[in-house]
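The values are calculated or read from the model by the stated rules, or taken from the named source; none is laboratory data. Note that this is a predicted model, so its numbers are computed, not measured. Cβ atoms come from the backbone with ideal geometry, glycine included; neighbour counts cover every protein chain shown. Remember, those area values only see protein heavy atoms, side chains included, never the ligands or the DNA or RNA. Shrake-Rupley method; radii C 1.70, N 1.55, O 1.52, S 1.80 Å.
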Amino acid sequence: QIGCDPVDISATIDAVWAFCDESSPSLVRSLDQGRTWETPEPVIDMGVAPGAPTTIAAVSADTAFVASGSRGWVVESSIAIPVTGLGDGPYVYAGFTTESVGYVVDSDGSLCRTEDGGRTWSPVDLS
């Protein structure tokens, strides 16, 4: 069992990540394709309000990206690092094609891209 009620889940070849939106938002990870899960750990430095639209993207076995509303964090070893360059959100999808390159889409269809593992984001012109 995962150990919490996930609202979003994402995977790489090495890990499966789940975001749980409970009284204290937390991340949980499996390193064996979901057979066993680590104990959910609250992500202390994230300003995620319970119930806010939130999406997660697995970056690697050690790193995940979380977007909630218009804010985002790269999470490494349960430490949330705020990111820069995201628009107004709320973001409804996040995904990475490599450990460096990723995309987020907001509820209006606007797209942002990162090339540094999620630390900085830039809008993508879709015109």
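Observations on the model:
- Of all residues in region 1-17 being of a type in the set (A, V, I, L, M) and open to solvent by 60 Å² or more (accessible area, probe 1.4 Å), the one that is nearest to Val28 (Cα to Cα): Ile9
- Candidate set: region 1-22, residues that are closer than 17 Å to Val59 by Cβ and in contact with a Pro (Cβ under 7 Å, 6 or more places away or on another chain); chosen: the one modelled with the highest pLDDT: Ala18
- Beta carbons closer than 8 Å, at least 6 apart along the sequence or on distinct chains, pair a first residue in region 112-126 that is charged (D, E, K, R) and modelled with pLDDT of 95 or more with a second that is open to solvent by less than 70 Å² (accessible area, probe 1.4 Å) and not in a loop (DSSP other than H, G, I, E, B) for Arg113/Gly102; Arg113/Tyr103; Arg113/Ser122; Arg119/Val74; Arg119/Ile81.
- Scanning region 71-106 for residues that are farther than 25 Å from Val16 by Cβ, at pLDDT 90 or above and either under 13 Å from the mean Cα position of the chain (by Cα) or in a loop (DSSP other than H, G, I, E, B) (or both) gives a single hit, Gly85.
- Residue pairs whose Cβ atoms lie under 7 Å apart, sitting 6 or more positions apart in sequence or on different chains, and linking a residue in region 82-100 that is more than 11 Å from Ser60 (Cα to Cα) and among the aliphatic types (A, V, I, L, M) to a partner that is modelled with pLDDT under 95 and not in a strand (DSSP E or B), are Leu86/Ser70; Val92/Pro53; Val92/Ser107.
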